[in-house]
1. Out of the residues in the range B:467-498 that are within 14 Å of chain A (Cβ to nearest Cβ) and surrounded by fewer than 21 Cβ atoms within 10 Å (Cβ to Cβ), state the one that is farthest from A:ASP323 (Cα to Cα).
2. Quick one: which residue in B:LYS625, B:LYS660 is surrounded by fewer than 20 Cβ atoms within 10 Å (Cβ to Cβ), modelled with pLDDT of 95 or more, within 11 Å of another protein chain (Cβ to nearest Cβ) and touching a helix residue (DSSP H, G or I) at 6+ places or on another chain (Cβ under 9 Å)?
3. Which of the numbered conditions does A:SER613 fail, given that it passes all the others? Conditions: (1) of a type in the set (Gly, Ala, Ser); (2) more than 22 Å from the chain's Cα centre (by Cα); (3) not in a helix (DSSP H, G or I).
4. Looking at (1) in contact with a Ser or Thr (Cβ under 7 Å, 6 or more places away or on another chain); (2) within 14 Å of chain B (Cβ to nearest Cβ), which is the one condition that is false for A:ILE190?
5. Does B:LYS446 count as more than 14 Å from every other protein chain (Cβ to nearest Cβ), surrounded by fewer than 16 Cβ atoms within 10 Å (Cβ to Cβ), within 16 Å of B:ALA372 (Cβ to Cβ) and at pLDDT 95 or above?
6. Just to check your reading of the model, which residue among B:MET455, B:MET491, B:MET462, B:MET436 is outside any loop (DSSP other than H, G, I, E, B) and touching a Pro at 6+ places or on another chain (Cβ under 6 Å)?
7. Quick check on the range A:14-47: of everything there that is in contact with a helix residue (DSSP H, G or I) (Cβ under 9 Å, 6 or more places away or on another chain) and part of a loop (DSSP other than H, G, I, E, B), which residue is surrounded by the fewest Cβ atoms within 10 Å (Cβ to Cβ)?
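The values are calculated or read from the model by the stated rules, or taken from the named source; none is laboratory data. Note that this is a predicted model, so its numbers are computed, not measured. Cβ placement follows ideal geometry from the backbone for every residue including glycine, while neighbour counts extend to all protein chains displayed.
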Protein chains: 2
Amino acid sequence: MDYLADERKKAEFDVDEMKIVWAGSRHAFEVSDRISKLVANDPGFRKDTRTMLARKELFKNTLRKAAYAWKRIHDLHLSEEEASRLRFYVDEPAYTDLHWGMFVPAIKGQGTDEQQKKWLPLAYKMQIIGCYAQTELGHGSNVQGLETTATFDPQTDEFVIHSPTLTSSKWWPGGLGKVSTHGVVYARLIINGEEHGIHGFIVQLRSLEDHLPLPGVTVGDIGMKFGNGAYNTMDNGVLRFDHVRIPRNQMLMRVSQVTRDGKYKQSDVPRQLVYGTMVYVRQTIVADASCALSRAVTIATRYSAVRRQFGSQNGGPETQVIDYKTQQNRLFPLLASAYAFKFVGEWLTWLYNDVTQRLQASDFSTLPEAHACTAGLKSLTTTATADGIEECRKLCGGHGYLCSSGLPELFAVYVPACTYEGDNTVLLLQVARFLMKTVSQLGSGKKPLGTISYMGKIEHLMQSRCTVQKAEDWLKPSQVLEAFEARAVKMAVSCAKNLSKFTNPEEGFAELSADLVEAAVAHCQLIVVSKFIDKLQQDIPGKGVKQQLEALCGIYYLYLLHKHQGDFLATSYLTPKQAALANDQLRALYTKVRPNAVALVDSFNYTDHFLGSILGCYDGNVYPKLYDAAWKDPLNDSVVPEGYHEYVRPLLKQQLHTAKL
Amino acid sequence: MDYLADERKKAEFDVDEMKIVWAGSRHAFEVSDRISKLVANDPGFRKDTRTMLARKELFKNTLRKAAYAWKRIHDLHLSEEEASRLRFYVDEPAYTDLHWGMFVPAIKGQGTDEQQKKWLPLAYKMQIIGCYAQTELGHGSNVQGLETTATFDPQTDEFVIHSPTLTSSKWWPGGLGKVSTHGVVYARLIINGEEHGIHGFIVQLRSLEDHLPLPGVTVGDIGMKFGNGAYNTMDNGVLRFDHVRIPRNQMLMRVSQVTRDGKYKQSDVPRQLVYGTMVYVRQTIVADASCALSRAVTIATRYSAVRRQFGSQNGGPETQVIDYKTQQNRLFPLLASAYAFKFVGEWLTWLYNDVTQRLQASDFSTLPEAHACTAGLKSLTTTATADGIEECRKLCGGHGYLCSSGLPELFAVYVPACTYEGDNTVLLLQVARFLMKTVSQLGSGKKPLGTISYMGKIEHLMQSRCTVQKAEDWLKPSQVLEAFEARAVKMAVSCAKNLSKFTNPEEGFAELSADLVEAAVAHCQLIVVSKFIDKLQQDIPGKGVKQQLEALCGIYYLYLLHKHQGDFLATSYLTPKQAALANDQLRALYTKVRPNAVALVDSFNYTDHFLGSILGCYDGNVYPKLYDAAWKDPLNDSVVPEGYHEYVRPLLKQQLHTAKL
């Protein structure tokens, strides 16, 4: 029985067509749909007890799943695309993520053709398993501060890899702790006493025969991390080297080389290629954000439709929680954000391809803008998603605190995205630096490109005022875009003005960094809003589909406008009256989306297995499932708990003085 | 060696005197100091492996600690106050929290003298262990919607306690799952087919001989909750009754009675007493908020002083993270909030005593205001604290994600405070309702009292404009108070105006609830700001102590002013220029607090045991401790992990087809 059938009947749009929009294409939908069901129906991939397992048991089970996934991929002759979807839907962090996602790409991107020819076939067959050993105990954000050394020994034609201090211990690399046989290790290259910066080296860590660490290698797991299940399935590792020797040809030499006689030289491969990789990685992070947020929103939306509280009249049923405006005001902007991040992610894929093509043609002109925009979007989407998942958890009331709701694990497993691949605040400061540079060059005749091109309209934007007169005026995209552009320009210009008062620009940048971060956020939000609006200019088939997306787009920007009302008012682009009209329009859109809410999360097409949440189950039959799940907790193995005789009974019987404690 | 000694030398105030201020009195400081050290030095209370234990082991260890704590309390002849501090510093949620914190108070508050005489001695000696069984699977916030029934049987002079539906199962009560022998069970009283609302009943659940559930009782644990360790030490329970009979005298009858012949009557004890209890409970929640937030801030502040990243010049050490303005801008407002919540909590203690005295004199006049203000402060402080703990975790970079940082557990164990004892959004709506009522009565000559008295100045506040001309003007308390008062009044009046446009007031309230919540927040923030300012009017001894508190108070209100700039600008009390000056002053205060930051968290006087965080340890010797802690993870018990032979080796050796998976 479908307890949400009534909700589904209310939908005013074609859900199947929306599924295609969400997936990106009919093909992508079909692959995802097929593979996600394949995983969901295979008991080998069950995850419903994951949050109850102790670390060792949990980890062993992850090893099993990783091997089983690999076996299924082979047995079913899955394509590369299908295999990648399968690993995705298995939905359990494992060493394989780093092997495929970091180790292989590092060799591909930084290895010479010869190195690729040697190492990639081994990695592809998993005859070796690799990790990516960059971060150290004392250095994360500041890669140039890494302390591990790789000293060239011309006598033996080897590098000596060494950990000179405790803080130089590698710390955090996933897959390193217990599994990886090899690692790409980043170290400070030293030749003849001279330093040549940070480079990557392929280092074997464990014997391929007995899996024991090689001589000079100390390696282990760094211990428990946030959450039940979550990233505790991963063996994030610690690694120390005591003068470990590797052949010279294991330095990744695509960009720079060390010759037999100890000469350091650059190849003619442009170093800017590194930025192309960064655009790629951050694009996947933005895509992951829309996925994680949409999962949380699915759970909170379905349960808000199931759950009733207060407002019973004449003994009838109570009000569905989703009908409360306070609930809508927290939930629907997150629903809208999930769609917004999806579309900006799609656009980033386009940007990556564009940048790649330009790089191949040695056109580096768009790189700074692409770099700033991907850094900013990574920061914006991951922060909003982490906060959004936790908000969804709170929107489920007390039951959201149960692991069986799926939300605690979703939060714990997602939240490191705010820190890895660039700390979110550090990234926004990079965006701010780019903005300040753009402002300073505005007079020079250099035309701002791409996402920053609105700065070209600075004179108009600085003077223009919002012309909204009634709430519906806020539905005009041009009106909205100008508001976000004016806000972003004015905040950037205000920062630039304040910066110019400092004699030392770096001191000024440090002193004003909190304001600069806010200006960067304003710029990034403009990008997301404008890409959502762009998406709606496309032809989108399916009954009512475009109308729903328009409503969501409106919710997204009006919610931002209200949340950052202070920015818009401080820059005097808006009047308080116009801000109030925006808020009226926002409420009207909530009412419009309400009957479609459950169908809008159905459009994500997530299986109950993938969601891993009783509160979010498709059929809405929440309470019997919660009740049944409770009894599976290990504490319920026995009616009288372990410890009763030693620690509870003596207390009740007033015999504590003789009890052994 | 003290790695933070340099930081401590910088302090410009008397830390010992600040410790007294934080503790509330010299006596309170001395008790806390002595008992916290007693707990910290007792290996029986160690908690450093808590996040690694599987559920059963974890729970058994909690049972041991609870019994051991009870034994220590007796052996050392601790006073009531000392015993309570000891349980606090043991810092592990356990069934005893509910026994002492809910079961005993429920009998004291709702039981007749006779009932108290019978049950309290048993509870005091722990010959029985009790829980508080109110919340059900289908009903949390809406207590009047509880479904459990207590039907009077005049034949046998008994109540029949019954769970008529699945959703009527009791769900969540702490201590219920595995330990409690008794519970105060809330149920819908039915006499002769007629309903008389929700009442409390003392029900025995388990045999005092073999701990088995009594006939008709189904009871168990509801399963894993958010986080490692955290609330998984608690046996939150599920409970169903199948026509369980209890004697009539086990209904708690202080306020209403059922007579032998089945008559329902009210006693002359005023029902308003319930509100007095609510003020008490919420006061303790606000105090807990300042404690939890100050713990997180201690960890983040100390580690921000230890951690260095970027900015190395000429090979010298890198910049301490705490010197970055972006770090200060996130951390110092939380430090200030911890102090702000402490002082507003102290004031709530006063309020509770005041209300209690008035109630005893049958003066109910201040109750609505006291109720609104405690509801609002509970909501404001718990939301800010949960968000603040997570922000502190992020401020520690990647290492904050490790359980050994203490922050994941602190967050997971704290965050339910946003939901229990009144969902934070529901509470703000109650505050809003009170505000709307106050506004509507303003013309009636009824003078607003206490925290709402500023509404009496409405005509002045609606018209006044901020007179700040330079940044330092924002240090004047009168200036600040007027700004917060004007904002709160204007937001409330604006809501009232919009409400008046609706013909059905309840419909209007529902439609505008998001705006109403914002008006309620503005009111509550005003209370916290004004109580901090009041505190500074007192005589505060000790070199530099008052100056530091003044700086923190300034940070608290200027940070709020910046964060809610939109409110202040939308109500036209401020100009954008004046808001910018507030921001300049805020930055100046960060600079003032910076050299005192470590000493300001030392003033909380937390032991390393209580903090439970390597990143926050007093001596700042973080990295060796992190490194050593890693090796204690169960995964490091063996060099080659369990599962290697079954699931990793076959993969490496290309023998997966024969592997058993």
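1. Looking at residues that are within 14 Å of chain A (Cβ to nearest Cβ) and surrounded by fewer than 21 Cβ atoms within 10 Å (Cβ to Cβ), I get B:ALA471.
2. B:LYS625
3. (2)
4. Unmet for A:ILE190, out of (1) in contact with a Ser or Thr (Cβ under 7 Å, 6 or more places away or on another chain); (2) within 14 Å of chain B (Cβ to nearest Cβ): (2).
5. Details: more than 14 Å from every other protein chain (Cβ to nearest Cβ): yes; surrounded by fewer than 16 Cβ atoms within 10 Å (Cβ to Cβ): yes; within 16 Å of B:ALA372 (Cβ to Cβ): yes; at pLDDT 95 or above: no.
So B:LYS446 fails the test.
6. On the way: B:MET491 fails: touching a Pro at 6+ places or on another chain (Cβ under 6 Å); B:MET462 fails: touching a Pro at 6+ places or on another chain (Cβ under 6 Å); B:MET436 fails: touching a Pro at 6+ places or on another chain (Cβ under 6 Å).
Result of the check over B:MET455, B:MET491, B:MET462, B:MET436: B:MET455.
7. A:ASN41
So that you can scan it fast, the table gives a plain yes or no per residue for (1) in contact with a helix residue (DSSP H, G or I) (Cβ under 7 Å, 6 or more places away or on another chain); (2) at pLDDT 95 or above:
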site	(1), (2)
B:LYS225	yes, yes
B:ARG248	no, yes
B:LEU252	yes, yes
B:GLN257	no, yes
B:TYR275	yes, no
